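Everything on this sheet refers to the single structure shown next.
The values are calculated or read from the model by the stated rules, or taken from the named source; none is laboratory data. Here the structure is a predicted model, which means the values were calculated and not measured. Every residue, glycine as well, gets a Cβ built from its backbone with ideal geometry; the counts of neighbours run over all protein chains shown. Ligands, DNA and RNA are excluded from the accessible area calculation, which covers all protein heavy atoms including side chains. Shrake-Rupley method; radii C 1.70, N 1.55, O 1.52, S 1.80 Å.
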Amino acid sequence: MKEQTEKGRASRVLRRLAGGRGPSPDSLVHEWSVLPTVAVSCYWIWLYIAYSLDVFVVSSDAFVRFDILQKGFGFLGAALFMIVVSRLRTATFFERTPFLALFSVGAGLSIVVVSALARAGVPLVPPVVFAAWLLMGAGTAAAFLRLFSGLQDAGQGRFCAINSLALFLSGFFYLLLLGLQDNVRLVLTVFVVCFTAFVPLNTPASSASAGDEAGAAASARKVGGKSAHGASATGEGAPSQTAGNAAVKALLSFRGELFLLSVVFGLAYCLGISLSIMSGSLEFIWLSLCVPGIFLMLYSVFLKNRVSVRVLLTFLFPIAAFLLLLLPFSNPFGLVLCCSLLVMCFTTYDVLNVVRLRSIIAANRLPQAKSWATGRYPQLAGLVLGWAVGYGMLLTDDALKALLPVVCVGLVVAIVAMLTRYVWKFSDAGGTAHVSEEAVESVHDAITLRYRLSPREREVMELLVRGYSTERIGKDLHISYHTVKTHVYHIYQKVGVHAQQELIDLVEERLRLMR
């Protein structure tokens, strides 16, 4: 009996690590979404093979620091691809056809072909090399859209767990890459690109959500096809024009902070990669992957019910500002260390921002490919700018010494201004104390209609948003503890969240859009 108890406890811990809340403890592989985790790991490996190592770099005497310039064109290609997709009137073509998979493979392997030709002694002019890097960057952007659109239905808890575990695993894969020859890395890149592009991404949460929605639709038909507030159940999925405009506003609400920190990341990554290659110490990339992965896994397991993503993101601003202040006064080793810590901060910030973006897209049922591109292109644009600034500094030692203090101080001032605005905006619109009861009721109505909650589920949801515990909800509604747990499970499945704090964040996000 004791052995069975310990086995059940271990199963529950593993399921929490996976971010899943499925009822069956025997479906751990299914809950953990192994293939999507490996696919996201391969995506990170692909990026770090291209940008952290010199596997694909073609030598040339025509440009100074030609290796850094080539990689900058890779980031530029990714930014241009995202901007094009975000500007399309409709992007359903990308979701209903295998275009993203085929394009990511073809564009991603272009740099492999060019690199192989260069190693074979074929002379290549710089425009051909730049074009190959542009295509490679566009291929990584296409792979991102395919991966994260495919993981859209995974639920926020599982989505964060998949990304954090993938970061951790890719860090160890990167260590293995350091001991391999370039020819082996080229072959491995072909496998990684193909696996990332074609791996199936159906997650267990999508089928569960579909089942819950079907059950909710059946319940709605039993009461005459009307919801608790008289709206047709069949029309819930189509948001109004006002809701659509508010959703787009939510997608663009954090583009300023994302762009700014991406400039910092691009600068730090450019300097860190260059100095690490010259000193032969590329291990800091391992830290920039594994440490954020460990932190985010701990967050997914222990903190996601207590600390919102928004609060966690706020703490990364002062850390980045402090490291930027140290950067101009560091010796070469300290410079690499500060750059690596900045990369770690941004990697954590990047994954958490992806989680936040996924929440906005899921809450408003937006078209996935177009919405992901709209929310991500500011990050890539900032990264290109930061990389260009770093490249300009690396042209001469005098430029690095003269410009680095000025750029760092300017970025610190911008971060402080952004942090002040961010905290002020959060305190002004983050809580329900400054919002009328009518606005709160309107948000509850919208969530009830959109996700087809039953009248009892709505009551439970209102108390959950207030922060009530399961025991308190049972006492207030005069229902048993197990009945409350069942209602909570159904609410989480329908809305696409995995914790009470995520549900609170969803309501607060809608309240901010109404102000």
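Descriptive notes on the structure:
- log₁₀ of I(q)/I(0) at q = 0.26, 0.27 Å⁻¹ - the range 447-513, Debye sum with one point per alpha carbon: -1.23, -1.31
- Solvent-accessible area of residue 198 with every protein chain in place, 1.4 Å probe, in Å² to the nearest 10: 110 Å²
- Rounded FRET efficiency, nearest 0.05, which uses the C-beta distance separating residue 442 from residue 60 and R0 of 41 Å: 0.10
- Whole-Å distance, taken between Cα centres, linking the range 468-495 and the range 325-377: 36 Å
- Its Cα gyration tensor gives the range 360-400 an equivalent ellipsoid, and the semi-axes of that ellipsoid, as √(5λ) in whole Å with the largest first, are 37, 7, 4.
- On the beta carbon distance between residue 88 and residue 477, with R0 = 51 Å, the FRET formula returns roughly 0.60.
- Full extension of the chain between residue 311 and residue 330 yields a length gain of 3.8 nm, computed as 0.36 nm times the residue separation minus the alpha carbon distance.
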